[in-house]
Structure formats: C-alpha cells, structure tokens
Amino acid sequence: MKGKILVTGGTGYIGSHTVVELQNAGFEVVIVDDLSNSTEAVVDQIEQISGIRPKFHHFNMQDLGLLDRLFEQSGGIDAIIHFAAFKAVGESVQKPLIYYRNNLLSLVNLFDCMEKYGVNNLVFSSSCTVYGQPEKLPVTEHTPRMAAESPYGNTKIICEDIIRDYTKANPKIQTIALRYFNPIGAHPSALIGELPNGVPNNLVPFVTQTAAGLREQLSVFGNDYNTPDGSCIRDYINVVDLAKAHVISIERLLNHQNESVFEFFNVGTGNGVSVLSLLNSFEKATGQKVNFKIVGRRAGDIEQIYADTTKANNVLGWKSDTTLEDTLLSAWNWEKRIRKID
Ligand code: UFG
C-alpha cells in the first residue's frame, strides 16, 4: 500500500475513473459522495474492474460534523483528491446559492479537517472555464483568468483563490489544481462512464444517446463561429488519461517533488477539435451515423479553447495518449452496455 487517499465525489464520472487508477497504482481509497449525481452501484463496478472495494461513505461535505468524524475514523489519510462539486452550468445560473454553498463550503470544510488532522496534500478539480474566452490560443497556465460566465465557473475561480490564500497562510498544505479541458469517454471495460441526469447538457453524452435512439436529433449549437468549419472548438480529453494525471499529481505531492505550495496544470490533449469534426470521428470510430441539425448558438458558449500542455508534459511527466476515435468508441461501448444494445 502506497498511501491512503480520500476521494471526494469518488462515485462520480471523473472520480470513479480516478479511484480505479489509484487502486491499480497500489493506493488505498476512501470515498465520500452524496450520490447527488451518481449511484452506489458505481462502487460495485469499481470493485469489478480493480478487484478491490474502496471504502464508501454517503454524505454531503457541507456537513462539517460528518466530515470530521470521517477523518477521525479513517485515521492516517495521506492525501485528498477533491472532486465533489455541483457542475451543471445552466442550473448554476438558475440556482446560484446552491452552487456557492455546496462548492465553496465543501472546500472550506475540507481545509478545516486537513488542518485538524494534519493532512497536508490536496489535488483539486479545477476547470479551463477559469480562462473564459482567451485572447491567445492555446492557453498556457500563464494565460490570465477571466471573469466567469456562470456561478459554476465562478466557484472554480473562487476555490482556486481560497487555495491560494490558504496555502500562503499554511505552507504545510501542498495543493495541485488540475484545470480540465473537456473530459469524455469511458473506461475500456465499459463498466463505468458518464451517467448524466436527464437530458444531457454535454456534447458526447448527447451524441451517444442520439446514436442509441434515446434522443431523436442532436442540435449543433452554431456553425457561424470564426473557426474553419464554423462550429465551436474544444480540447476533448480521455477520462482515463485524465484520471492518470491525478495519480501522478498525488505521487508528486507525497514525494515532495512540487516546487511551490500551490501548483496548477492544464490537463488536455493540446488539440482543438470542432463539434462537426467530432461527429465525423464518432461515425468513423463506431460506424454509427448521428442525426443532427444546425441550430443557433448556445448562450454563454466560448468559440474556441484548447490547451498548451507543455507544463503538464514536462513537469508532471504526463501526456494524453488515447486517440479521439478510441475515446469516442469507449463512450459508445459504455452507452451500449447501459442501454443493453448489442
Ligand atoms: N454542443 C452542441 N450540442 C449539444 C451540446 C453541446 O453543439 O447538444 C457543443 C457546444 O456548443 C460546445 C461543445 O459542443 O461547442 C462542447 O459543449 P459541452 O457542453 O460538452 O462542453 P462545454 O465546453 O460547454 O463545457 C465544459 C464543461 C463545463 C466547463 C466548461 C469549461 O461541461 O463544466 O467545459 O469550458 F465549465
């Protein structure tokens, strides 16, 4: 056993893939999750993939008393990966207080417990949303952050600020924030993947649900952007590759290889892919045609963003190596398994 890692939000989409990679790398994992956007069956699936059942605690981290008890009972936590947060951009515009209360309080409570129980290492789940629409592409970690478009995005900016201020005041606490670009795909076993609540907001779950016949037609939001084919450009990162970036970050912290108390890294592929070319790759990878129509732009969408991953490549020694087609095929295999399609 290389160390005990508390994974908050560990039954969620990125969390569950990270738990598998942590266990594969020899770490012991304790999960806390309120199951607001996942189910306890994910713990069984994690066990099926890795042969190890992580400990699971069901509560919301806004409850400091329960979190404190978890730290007390678990004893000897070496590091934490903090995924637990609400993440629906549109919902956050409608219900901002729910987002501020949940996403900010969870981090504050976590730092309280880390201080009390002497846990000094944290990996935080951040987002490229902190860059808004950057003037220059690709974005490096020096690209200035911009005012957020949504309360959700603002919680990521504020959480990064809380980490900056807290680690400055308490330099024993070491934190790495990973700024994810667009995570997609599923575990190659198809036992875990993305399970959106209701109608998906994100592109790839909508694509796979349309191919599976659950949705009649995909709406492509805009073909009049200033991009080669007019549709928006993103950096789609394979979820297992992303999970591995967390394991490397944890090892970096535990081995004291970090160069400052608060480091951050872009985690993407470095490739910008348009919505229309993603559809093309999906068809090539799976043989499935996706019924789509071009509609108007979606409010708040960024025209294009993709990562400069030099820092993650050179400093973390991490690189995404799964092709877009393999990743889209994994998303389709997951959709087929949960919908029982042959
Ligand atoms: N899109 C469509 N049709 C759909 C859904 C999406 O055309 O039905 C397009 C969007 O307009 C966008 C692209 O597909 O151009 C990707 O959209 P997603 O909703 O999948 O992802 P976003 O880049 O909008 O948002 C993601 C995360 C957010 C995060 C943001 C950071 O979902 O949590 O990246 O930029 F804040």
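Structural remarks
- Checking each residue in region 203-229 for being outside any helix (DSSP H, G or I), in contact with a helix residue (DSSP H, G or I) (Cβ under 8 Å, 6 or more places away or on another chain) and within 13 Å of the ligand (Cβ to nearest atom) picks out Arg215, Glu216, Gln217, Leu218, Val220, Phe221, Asn223, Asp229.
Yes/no per residue for (1) over 15 Å from Leu6 (Cβ atoms); (2) at pLDDT 95 or above; (3) exposed (fewer than 15 other Cβ atoms within 10 Å of the Cβ); (4) not small (Gly, Ala, Ser):
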{"residue": "Glu21", "(1), (2), (3), (4)": "yes, yes, no, yes"}
{"residue": "Gly26", "(1), (2), (3), (4)": "yes, yes, yes, no"}
{"residue": "Val30", "(1), (2), (3), (4)": "no, yes, no, yes"}
{"residue": "Asp33", "(1), (2), (3), (4)": "no, yes, no, yes"}
{"residue": "Ala41", "(1), (2), (3), (4)": "yes, yes, yes, no"}
{"residue": "Asp44", "(1), (2), (3), (4)": "yes, yes, yes, yes"}
{"residue": "Ser50", "(1), (2), (3), (4)": "yes, yes, no, no"}
{"residue": "Lys55", "(1), (2), (3), (4)": "no, yes, no, yes"}
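- Taken as a whole, region 185-202 holds no residue that is near the ligand (Cβ under 9 Å from one of its atoms), more than 19 Å from Gly300 (Cβ to Cβ), out of contact with any Leu (no Cβ under 7 Å at 6 or more places or on another chain) and modelled with pLDDT of 95 or more.
- Residues being in contact with a helix residue (DSSP H, G or I) (Cβ under 8 Å, 6 or more places away or on another chain) and in a loop (DSSP other than H, G, I, E, B) - total across region 70-88: 8
- Annotation note: Cβ proximity below 6 Å between a residue of region 291-308 that is under 16 Å from Asn182 (Cβ atoms) and a residue that is surrounded by fewer than 16 Cβ atoms within 10 Å (Cβ to Cβ) and polar (S, T, N, Q) (sequence gap 6+ or interchain) occurs for Ile302/Gln133; Asp308/Thr140.
- Just one of (1) away from the ligand (no atom under 16 Å from the Cβ); (2) among the polar types (S, T, N, Q); (3) crowded, with 20+ Cβ neighbours inside 10 Å fails for Gln257. It is (3).
- Residue count for region 299-338, restricted to those that are at pLDDT below 95 and of a type outside the set (A, V, I, L, M, F, W, C): 2
- The C-beta contact set for region 71-97 (first residue within 15 Å of the ligand (Cβ to nearest atom), second residue assigned to a loop (DSSP other than H, G, I, E, B), distance under 6 angstrom, 6+ apart or interchain) comprises Phe83/Gly9; Phe83/Gly12; Ala84/Gly9; Ala84/Met61; Val89/Ser150; Ser92/Ser150; Val93/Ser150.
- Some residue of region 223-236 being closer than 24 Å to Gln133 by Cα, of a type in the set (A, V, I, L, M, F, W, C), within 15 Å of the chain's Cα centre (by Cα) and buried (at least 22 other Cβ atoms within 10 Å of the Cβ): no
- Of the residues contained in region 271-279, none is found to be within 30 Å of Ala79 (Cα to Cα) and either within 15 Å of the ligand (Cβ to nearest atom) or not hydroxyl-bearing (Ser, Thr, Tyr) (or both).
- Hey, Gly268 under 17 Å from Asn182 (Cβ atoms), within 15 Å of the ligand (Cβ to nearest atom), at pLDDT 95 or above and in contact with a helix residue (DSSP H, G or I) (Cβ under 8 Å, 6 or more places away or on another chain) or not: yes
The values are calculated or read from the model by the stated rules, or taken from the named source; none is laboratory data. Predicted model only: the values in this text are computed from it and were never measured. So basically every Cβ, Gly included, is an ideal-geometry build from the backbone, and we count neighbours across all protein chains shown.
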